[in-house]
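Notes follow once the structure below has been shown.
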Amino acid sequence: MIRLTAIVILIALVLPQQVLPGGEPAGGDEVYRLEVPARAGKGAGPLDWVYEKVDSARDDWSVERLSDRLKAPLDELAAWLVAGKVDAEGLGKLLAPGFRSGGLVPKTWKETAGGAGSWSAGRSSSSGKLKTVTPQQLGAELEELSALCGKVSKAAFKIFRVTEAQGKGGSLQVDALLELDGVAADGAYLQARTVWRMGWLGGPREGLLSLSRLDIEKVRSPARAFSDVTLDCLGDDPVFRSQLSRGVGYWRTRIDASSGMDVYGHQGIAVGDFNNDGKLDFYVPQPAGLPNRLYRNLGGGRFSDVAAAAGVDVLDVTSGSLFVDLDNDGDSDLVAVTSTETLLFENDGRGRFRRVESSGLETAGRESASTLGCAAADYDLDGDLDLYVFSYVFWAGAGSKLQSTYPYPYHDANNGAPNFLFRNEGKLRFRELTASSGMGVNNRRFSLAASWCDYDADGDPDLYVANDFGRNNLFRNEGGGKFRDVARELGVDDVGNGMSVTWEDVDNDGRMDLYVGNMWSSAGSRIAGQPRFETDRLRETYRRMSRGNSLFRNTGNGRFEDVSFRSGAFFGRWSWSGQFLDVEGDGLEDLYVVNGFISNESKDDL
């Protein structure tokens, strides 16, 4: 699975010319483009075996071949939805004799959010009984659906389930997600998302036999909720214009590969008031070969990089960072987690940092663990903050850390690098107590995130760990410096590709609920749903892994209820992280989910 992902990335990565804000070419008149190597054909080219892996005609899964064949007719439907006008003749050729539909646009909607002057949302469930309709009638329904989004800018399908009827001349049942974006005449932003169930008679070549609506929702916002102010805040900074605005794609063609520059993810940022001037600053970790940046808040929404002057312009690949007062002196120290070691910088209180070289955090480096990030809390309630440092694989040298260990088994791997619990002994000295605390159990699961929270309200912080392959951990604080992994016991082990974790009281009942970022995979759902996919037990496991994000409601007494589907919070595409925030100031926590994948200027690359 990892190898296939890497293969897809290799094929898809075509780097466009980088352009600075305002249209200025990144390299003056220079145009530098790393192109995808052409196939030599007949097995003669060094990458021919790679191309064969993504050729659906060679795929052993018939559902993948059929899904690929459905792309053309669905693209045609999407084009009509964007145009807002259906080609009746073309639609007639697409439909099978006796075509039936249950109706694409509901007559009534249930309001789910919003009100006068604010954004609003409506929802409706299944369309009901199917009936015979003409191409003209279906065309009118498609145009009505398009009109929900005004002037449509995008219409896109994602097939996530294909069921083949048994026997000669059987049909296909196909479930697909359709999303439309557009703008109303008054400038409001509109979006519709609907799930269709389609019956194809003997496949796409013989026509669409039936079409029903399983679900639909629409959203209207009078204006964009947020505006991009990057240039306003950073445009005057020379470091931003010369380096950050160009992107990693630009630099990986100019910096020696031996530096270990990673293009498979981003490092996030750390936010804090490092100079105690009452304004929030932020630290930007970077891939290897590019110095980390510390942006000081100048006020008025302006920032300037002061990393070199502050002594924190680290060149090692930095996967995570944290501003936190670890010595209780009233200022924020900085933890920078690199692939080979965890760096601790003491704040002198005047905006400069000194590296503490013998803090005790070096244990992770001695274990050859490729560390990714950290989370801080006073787990032993002694008045100072302790650190949990999590890891992914074992370090195998620059440029090869992602190849050092493959997870096995994929759905329940426990062969990654270990995580570490460090107890704060005072004076910026730490003691590693992972095994003795009980956190050495289930501790090698390719971790990507961790978050502390007193979920059971007993007065001490517990820890949830999101892992990339298989089960997650919930370490309940038993007191006395001891922990026990209760994730499986409480039903929050959340088998999936765990990317992130965040806590919030989403229903305002006084108890902290849990949201875990995973991956919604249409291809994974298609394949894992097939009868030939392993055993029934593993089929359900992999269907769970591809279903998306999870929201667990805290019901009290240390128990949780999975409300992912009921709440609608499961769909976050290929999620990386999520954060709760009250966007409207109405006392209800909204949810922002960061998602995406490595891409380029082609709309069809992934």
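The values are calculated or read from the model by the stated rules, or taken from the named source; none is laboratory data. As the structure is a computational prediction, the values presented were derived from the model and not from experiment. Here the Cβ positions follow ideal geometry from the backbone for every residue, glycine too, while neighbour counts run over all protein chains shown. These accessible areas exclude ligands, DNA and RNA; they are computed on the full protein's heavy atoms, side chains included. Shrake-Rupley method; radii C 1.70, N 1.55, O 1.52, S 1.80 Å.
Results, tabulated for the structure shown:
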| quantity | calculated |
| --- | --- |
| Dimensions in Å of the stretch 417-526 - Rg and Dmax from alpha carbons | 15.0, 54 |
| Carbon/sulfur fraction of accessible area - the stretch 356-481, other protein chains in place, 1.4 Å, % | 47 |
| Distance between modelled label sites at Lys93 and Asp509, nm, 7 Å Cα→Cβ extension | 5.6 |
| Phi to ³J(HN,Hα) by Karplus 6.51 cos²θ - 1.76 cosθ + 1.60 over the stretch 226-232, Hz, x for Gly, Pro | 9, 10, 6, 10, 4, 5, 4 |
| Ranking by accessible area, most exposed first, for Tyr410, Tyr455, Tyr189, Tyr592 with a 1.4 Å probe | Tyr592, Tyr189, Tyr410, Tyr455 |
| Accessible area per residue, Å², the stretch 287-376 with all protein chains present, probe 1.4 Å | 36 |
| The stretch 518-602: equivalent-ellipsoid semi-axes (sqrt of 5 x gyration tensor eigenvalues, Cα, Å) | 27, 21, 8 |
| Solvent accessible area, Å² - Phe226, 1.4 Å probe, full protein context | 130 |
| Surface accessible to a 1.4 Å probe, per residue, for the residues of the stretch 452-583, Å² | 39 |
| Cut-off under 5 Å, modelled amide H: who pairs with Ala369 long-range | Trp395 |
| Distance violations [Cα-Cα > 20 Å] among Lys158/Lys218; Lys85/Lys154; Lys71/Lys154 | none |
| Accessible surface ranking that places the most exposed of Ser221, Ser368, Ser437 first, with a 1.4 angstrom probe | Ser368, Ser221, Ser437 |
| Accessible-area ranking of Lys218, Lys151, largest first, probe 1.4 Å | Lys151, Lys218 |
| Solvent-accessible area of Met519 with every protein chain in place, 1.4 Å probe, in Å² to the nearest 10 | 20 |
| Overall form of the stretch 330-460 per C-alpha gyration tensor (a/c, 1.5; a/b vs b/c) | oblate |
